[in-house]
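The values are calculated or read from the model by the stated rules, or taken from the named source; none is laboratory data. Every value quoted in this text rests on a predicted model; they were computed, and no experiment measured them. For neighbour counting, all protein chains shown are included, and Cβ atoms are generated from backbone atoms with ideal geometry for every residue, glycine included. Accessible surface is based on the protein model in full, side chains and every heavy atom, while ligands, DNA and RNA are left aside. Shrake-Rupley method; radii C 1.70, N 1.55, O 1.52, S 1.80 Å.
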Amino acid sequence: MSTTINTTPAITGKPLAGKVAFIHGGSRGIGAATARRLARDGATVAIGYAASAIAAEALVEDIKASGGNAIALKADATDAAALTRAIDGVADRFGRLDILVNSAGVLALAPLDQFTLEDFDRTVAVNIRSVFVATQAAARHMKEGGRIINIGSTNAQRMPFAGGAPYAMSKSALVGLVKGLARDLGPRGITVNNVAPGPVDTDMNPEAGDFAAVMHGLMAIPRHGKADEIAGMVAYLAGPDAAFVTGADLLIDGGFAA
Ligand code: NDP
(Lines give C-alpha, C1' and ligand atoms only; values in the text may rest on other atoms or scores of the structure.)
Protein backbone atom coordinates (compact mmCIF):
# COMPACT_ATOMS: atom_id res chain seq x y z
CA MET A 1 0.00 0.00 0.00
CA SER A 2 1.47 3.39 -0.96
CA THR A 3 1.52 6.25 1.52
CA THR A 4 0.84 9.80 0.42
CA ILE A 5 2.93 12.40 2.23
CA ASN A 6 0.87 15.50 2.89
CA THR A 7 3.04 18.59 2.57
CA THR A 8 0.45 21.15 3.62
CA PRO A 9 1.75 23.25 6.53
CA ALA A 10 -1.31 22.55 8.70
CA ILE A 11 -0.60 18.81 8.60
CA THR A 12 3.20 18.81 8.83
CA GLY A 13 3.55 21.62 11.38
CA LYS A 14 6.26 23.04 9.12
CA PRO A 15 5.27 26.50 7.88
CA LEU A 16 7.32 26.26 4.67
CA ALA A 17 6.40 22.69 3.70
CA GLY A 18 6.29 22.31 -0.08
CA LYS A 19 8.14 25.62 -0.71
CA VAL A 20 11.39 26.02 -2.64
CA ALA A 21 13.97 28.64 -1.58
CA PHE A 22 17.10 29.93 -3.31
CA ILE A 23 19.60 31.41 -0.86
CA HIS A 24 22.21 33.47 -2.63
CA GLY A 25 25.36 33.59 -0.50
CA GLY A 26 24.19 30.57 1.49
CA SER A 27 27.56 28.90 1.96
CA ARG A 28 28.61 30.78 5.10
CA GLY A 29 27.44 33.10 7.88
CA ILE A 30 23.91 34.50 7.86
CA GLY A 31 23.05 32.78 4.56
CA ALA A 32 24.10 29.37 5.89
CA ALA A 33 22.08 29.85 9.09
CA THR A 34 19.12 30.88 6.94
CA ALA A 35 19.46 27.76 4.78
CA ARG A 36 19.38 25.57 7.89
CA ARG A 37 16.38 27.43 9.33
CA LEU A 38 14.29 27.42 6.15
CA ALA A 39 15.05 23.72 5.67
CA ARG A 40 14.00 23.05 9.27
CA ASP A 41 10.76 24.91 8.51
CA GLY A 42 10.13 22.50 5.63
CA ALA A 43 11.46 24.30 2.54
CA THR A 44 13.66 22.68 -0.07
CA VAL A 45 16.74 24.93 -0.14
CA ALA A 46 19.14 25.69 -2.99
CA ILE A 47 22.39 27.16 -1.67
CA GLY A 48 24.18 29.55 -4.03
CA TYR A 49 27.91 30.06 -3.43
CA ALA A 50 30.90 31.61 -5.17
CA ALA A 51 34.17 30.54 -3.52
CA SER A 52 33.12 28.20 -0.69
CA ALA A 53 32.16 25.01 -2.51
CA ILE A 54 33.33 22.74 0.32
CA ALA A 55 31.34 24.64 2.96
CA ALA A 56 28.27 24.67 0.73
CA GLU A 57 28.43 20.90 0.10
CA ALA A 58 29.00 20.22 3.81
CA LEU A 59 25.92 22.30 4.61
CA VAL A 60 23.87 20.31 2.10
CA GLU A 61 24.96 17.07 3.79
CA ASP A 62 24.09 18.48 7.25
CA ILE A 63 20.64 19.53 6.12
CA LYS A 64 19.99 16.16 4.50
CA ALA A 65 21.19 14.36 7.63
CA SER A 66 18.60 16.35 9.61
CA GLY A 67 15.85 15.18 7.27
CA GLY A 68 15.79 18.24 5.01
CA ASN A 69 16.19 18.66 1.27
CA ALA A 70 19.05 20.78 -0.13
CA ILE A 71 21.33 21.28 -3.11
CA ALA A 72 24.30 23.61 -3.67
CA LEU A 73 25.19 25.43 -6.87
CA LYS A 74 27.85 27.90 -7.91
CA ALA A 75 26.50 31.36 -8.69
CA ASP A 76 28.98 34.22 -8.53
CA ALA A 77 27.18 37.48 -7.80
CA THR A 78 29.36 39.36 -10.24
CA ASP A 79 28.24 37.17 -13.16
CA ALA A 80 24.63 38.12 -13.98
CA ALA A 81 24.22 35.38 -16.59
CA ALA A 82 25.47 32.66 -14.21
CA LEU A 83 23.25 33.89 -11.39
CA THR A 84 20.19 33.96 -13.64
CA ARG A 85 21.01 30.47 -14.96
CA ALA A 86 21.31 29.14 -11.42
CA ILE A 87 17.92 30.54 -10.40
CA ASP A 88 16.26 29.28 -13.61
CA GLY A 89 17.84 25.88 -12.98
CA VAL A 90 16.41 25.65 -9.45
CA ALA A 91 12.92 26.56 -10.68
CA ASP A 92 13.17 24.00 -13.49
CA ARG A 93 14.49 21.24 -11.25
CA PHE A 94 11.88 21.62 -8.51
CA GLY A 95 9.05 22.95 -10.65
CA ARG A 96 8.62 26.13 -8.62
CA LEU A 97 10.39 28.93 -6.74
CA ASP A 98 8.76 30.54 -3.72
CA ILE A 99 11.49 32.28 -1.72
CA LEU A 100 14.63 34.22 -2.69
CA VAL A 101 17.08 35.27 0.01
CA ASN A 102 19.89 37.62 -1.07
CA SER A 103 22.61 37.25 1.56
CA ALA A 104 25.73 37.45 -0.64
CA GLY A 105 27.69 40.47 0.48
CA VAL A 106 31.15 41.97 0.80
CA LEU A 107 32.54 44.53 3.22
CA ALA A 108 35.50 46.70 2.14
CA LEU A 109 36.85 49.26 4.59
CA ALA A 110 39.59 51.80 3.92
CA PRO A 111 40.39 55.45 4.51
CA LEU A 112 38.73 57.58 1.84
CA ASP A 113 41.94 58.47 -0.01
CA GLN A 114 42.99 54.81 -0.17
CA PHE A 115 39.62 53.27 -1.09
CA THR A 116 40.13 51.67 -4.50
CA LEU A 117 37.61 51.89 -7.32
CA GLU A 118 37.96 48.12 -7.70
CA ASP A 119 36.59 47.70 -4.16
CA PHE A 120 33.91 50.29 -4.82
CA ASP A 121 32.79 48.50 -8.00
CA ARG A 122 32.86 45.08 -6.31
CA THR A 123 30.72 46.43 -3.46
CA VAL A 124 28.16 47.72 -5.95
CA ALA A 125 28.25 44.51 -8.03
CA VAL A 126 27.78 42.08 -5.14
CA ASN A 127 25.74 44.10 -2.63
CA ILE A 128 23.37 45.90 -5.04
CA ARG A 129 23.50 44.74 -8.67
CA SER A 130 23.26 41.02 -7.90
CA VAL A 131 20.21 41.64 -5.71
CA PHE A 132 18.46 43.25 -8.67
CA VAL A 133 19.58 40.51 -11.07
CA ALA A 134 18.46 37.71 -8.74
CA THR A 135 15.14 39.43 -8.09
CA GLN A 136 14.48 39.83 -11.82
CA ALA A 137 15.24 36.16 -12.42
CA ALA A 138 13.29 34.85 -9.42
CA ALA A 139 10.23 37.02 -10.04
CA ARG A 140 9.75 35.36 -13.44
CA HIS A 141 9.12 32.07 -11.63
CA MET A 142 7.28 33.21 -8.51
CA LYS A 143 3.56 32.99 -8.04
CA GLU A 144 1.19 34.56 -5.50
CA GLY A 145 2.76 34.20 -2.04
CA GLY A 146 6.34 34.63 -3.30
CA ARG A 147 8.89 36.15 -0.92
CA ILE A 148 12.05 38.14 -1.68
CA ILE A 149 14.25 38.90 1.32
CA ASN A 150 17.53 40.82 1.23
CA ILE A 151 20.10 41.07 3.99
CA GLY A 152 20.59 44.81 4.36
CA SER A 153 22.33 46.42 7.32
CA THR A 154 21.80 48.78 10.22
CA ASN A 155 24.55 50.80 8.47
CA ALA A 156 21.84 52.09 6.11
CA GLN A 157 20.51 53.97 9.18
CA ARG A 158 23.68 54.69 11.12
CA MET A 159 27.34 54.59 10.03
CA PRO A 160 29.32 55.71 13.06
CA PHE A 161 32.80 54.86 11.69
CA ALA A 162 35.03 56.24 8.94
CA GLY A 163 36.07 54.08 6.00
CA GLY A 164 32.79 52.34 5.24
CA ALA A 165 30.92 54.84 3.08
CA PRO A 166 30.56 52.54 0.03
CA TYR A 167 29.27 49.70 2.23
CA ALA A 168 26.73 52.00 3.92
CA MET A 169 25.74 53.33 0.49
CA SER A 170 25.19 49.79 -0.79
CA LYS A 171 22.89 48.89 2.09
CA SER A 172 21.04 52.22 1.80
CA ALA A 173 20.46 51.41 -1.86
CA LEU A 174 18.63 48.25 -0.81
CA VAL A 175 16.21 50.36 1.26
CA GLY A 176 15.15 52.21 -1.90
CA LEU A 177 15.25 49.05 -3.99
CA VAL A 178 12.75 47.17 -1.81
CA LYS A 179 10.35 50.11 -1.77
CA GLY A 180 10.24 50.20 -5.57
CA LEU A 181 10.20 46.42 -5.99
CA ALA A 182 7.36 46.15 -3.48
CA ARG A 183 5.32 48.31 -5.88
CA ASP A 184 6.38 46.22 -8.89
CA LEU A 185 5.50 42.89 -7.29
CA GLY A 186 2.76 43.69 -4.76
CA PRO A 187 -0.04 43.34 -7.32
CA ARG A 188 1.16 39.75 -7.92
CA GLY A 189 1.07 38.93 -4.19
CA ILE A 190 4.87 38.82 -3.88
CA THR A 191 6.51 40.65 -0.97
CA VAL A 192 9.98 42.25 -0.99
CA ASN A 193 11.77 43.21 2.23
CA ASN A 194 15.14 43.77 3.86
CA VAL A 195 16.33 42.31 7.12
CA ALA A 196 18.82 44.87 8.49
CA PRO A 197 21.18 43.35 11.06
CA GLY A 198 23.60 45.03 13.40
CA PRO A 199 26.93 43.34 14.14
CA VAL A 200 26.56 39.58 13.68
CA ASP A 201 29.25 37.05 14.60
CA THR A 202 30.40 35.69 11.20
CA ASP A 203 33.62 35.57 9.18
CA MET A 204 32.78 39.10 7.98
CA ASN A 205 32.53 40.54 11.49
CA PRO A 206 33.84 38.17 14.18
CA GLU A 207 32.85 38.89 17.75
CA ALA A 208 36.43 38.04 18.68
CA GLY A 209 37.71 40.86 16.46
CA ASP A 210 39.50 43.96 17.84
CA PHE A 211 36.67 46.20 16.79
CA ALA A 212 33.91 44.36 18.65
CA ALA A 213 34.16 46.29 21.93
CA VAL A 214 33.83 49.62 20.11
CA MET A 215 30.67 48.41 18.38
CA HIS A 216 29.23 47.04 21.62
CA GLY A 217 29.70 50.46 23.19
CA LEU A 218 27.23 51.86 20.64
CA MET A 219 24.52 49.28 21.26
CA ALA A 220 21.57 48.94 23.65
CA ILE A 221 22.26 45.20 23.86
CA PRO A 222 26.07 45.12 23.92
CA ARG A 223 26.90 41.94 22.04
CA HIS A 224 27.07 40.60 18.51
CA GLY A 225 23.93 38.99 17.13
CA LYS A 226 23.95 35.31 16.23
CA ALA A 227 23.39 34.26 12.63
CA ASP A 228 20.51 32.08 13.86
CA GLU A 229 18.76 35.16 15.25
CA ILE A 230 18.90 36.83 11.85
CA ALA A 231 17.68 33.62 10.22
CA GLY A 232 14.68 33.72 12.54
CA MET A 233 13.60 37.08 11.15
CA VAL A 234 14.14 35.82 7.58
CA ALA A 235 11.95 32.81 8.42
CA TYR A 236 9.22 35.13 9.69
CA LEU A 237 9.29 37.15 6.44
CA ALA A 238 9.28 33.93 4.40
CA GLY A 239 6.32 32.50 6.28
CA PRO A 240 2.55 32.94 6.16
CA ASP A 241 2.38 35.48 9.02
CA ALA A 242 4.25 38.11 6.95
CA ALA A 243 1.94 38.25 3.91
CA PHE A 244 1.11 41.93 4.63
CA VAL A 245 4.74 43.08 5.17
CA THR A 246 6.37 44.56 2.08
CA GLY A 247 8.78 47.35 1.19
CA ALA A 248 10.14 47.23 4.75
CA ASP A 249 13.64 47.47 6.19
CA LEU A 250 13.41 45.52 9.44
CA LEU A 251 16.16 46.31 11.95
CA ILE A 252 17.55 43.48 14.08
CA ASP A 253 20.56 45.24 15.54
CA GLY A 254 20.58 45.16 19.35
CA GLY A 255 19.73 48.86 19.28
CA PHE A 256 22.77 49.88 17.22
CA ALA A 257 20.68 52.48 15.37
CA ALA A 258 18.45 53.39 18.33
P1 NDP B 1 30.17 36.11 5.49
O2 NDP B 1 31.43 36.74 5.03
O3 NDP B 1 30.17 35.17 6.63
O4 NDP B 1 29.47 35.35 4.24
C5 NDP B 1 29.34 36.03 3.04
C6 NDP B 1 28.56 35.17 2.08
O7 NDP B 1 28.43 35.92 0.86
C8 NDP B 1 29.25 33.87 1.77
O9 NDP B 1 28.29 32.82 1.68
C10 NDP B 1 29.88 34.15 0.42
O11 NDP B 1 29.96 32.99 -0.42
C12 NDP B 1 28.89 35.09 -0.20
N13 NDP B 1 29.51 35.89 -1.25
C14 NDP B 1 30.48 36.81 -1.15
N15 NDP B 1 30.84 37.25 -2.38
C16 NDP B 1 30.05 36.57 -3.25
C17 NDP B 1 29.94 36.55 -4.67
N18 NDP B 1 30.73 37.31 -5.45
N19 NDP B 1 29.03 35.74 -5.23
C20 NDP B 1 28.24 34.94 -4.48
N21 NDP B 1 28.32 34.89 -3.14
C22 NDP B 1 29.22 35.70 -2.53
O23 NDP B 1 29.20 37.33 5.75
P24 NDP B 1 27.83 37.45 6.59
O25 NDP B 1 27.12 36.18 6.62
O26 NDP B 1 28.14 38.18 7.82
O27 NDP B 1 27.06 38.47 5.63
C28 NDP B 1 25.89 38.09 4.91
C29 NDP B 1 25.14 39.36 4.55
O30 NDP B 1 24.79 40.04 5.76
C31 NDP B 1 25.96 40.35 3.73
O32 NDP B 1 25.14 40.95 2.77
C33 NDP B 1 26.39 41.38 4.77
O34 NDP B 1 26.64 42.64 4.20
C35 NDP B 1 25.20 41.38 5.69
N36 NDP B 1 25.44 41.89 7.04
C37 NDP B 1 26.36 41.29 7.85
C38 NDP B 1 26.57 41.78 9.13
C39 NDP B 1 27.58 41.22 10.06
O40 NDP B 1 27.89 41.88 11.07
N41 NDP B 1 28.10 40.01 9.83
C42 NDP B 1 25.80 42.94 9.62
C43 NDP B 1 24.85 43.46 8.70
C44 NDP B 1 24.68 42.94 7.45
P45 NDP B 1 31.37 32.33 -0.84
O46 NDP B 1 32.21 32.20 0.38
O47 NDP B 1 30.93 31.02 -1.43
O48 NDP B 1 31.98 33.25 -1.85
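Counting only heavy atoms of protein chains, what accessible area per residue, in Å², does segment 14-252 have with a probe of 1.4 Å? All intermediate terms of the calculation are to be shown ahead of the outcome.
On the way: 10720 Å² over 239 residues.
Ligands and nucleic acids excluded, the result is 45 Å² per residue.
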* Which entries in Lys74/Lys179; Lys14/Lys179; Lys19/Lys179; Lys143/Lys179; Lys171/Lys226; Lys64/Lys179 show an alpha-carbon gap greater than 27 Å? -> Lys74/Lys179; Lys14/Lys179; Lys64/Lys179
* Structure fact -> Projecting the Cα atoms of Tyr167, Ala65, Ala110 onto the charge dipole of segment 14-252, where Lys and Arg contribute +1 and Asp and Glu -1 at Cβ, the residue farthest towards the positive end is Ala65
* **Rounded tilt (10° steps) of 165-185 against the dominant C-alpha axis of the chain** => 30 degrees
* Could you size up the charge dipole of the chain around its Cα centre, putting +1 on the beta carbon of Lys and Arg and -1 on that of Asp and Glu, and report it in debye to the nearest 20? => 800 debye
* For the chain, projected area of the alpha-carbon convex hull averaged over all directions, nm² -> 14.4 nm²
* Structure fact -> Computed ³J(HN,Hα) along segment 37-45: with the Karplus parameters 6.51/-1.76/1.60, θ = phi - 60°, integer Hz and x for glycine or proline, the list is 5, 5, 5, 4, 7, x, 6, 7, 10
* Asked: Tell me, what % of the accessible area of the chain is carbon and sulfur with a 1.4 angstrom probe?
  -> 55 percent
* Asked: Using unit Cβ charges (K, R positive; D, E negative) and no other charged atoms, how large, in debye to the nearest 20, is the dipole of segment 1-144 about its Cα centre?
  -> 600 debye
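What is the chain's relative contact order, in percent, from Cα pairs under 8 angstrom and six or more apart in sequence?
Values: 509 pairs, mean separation 47.8, N = 258.
Reported as a whole number, the value is 19 percent.
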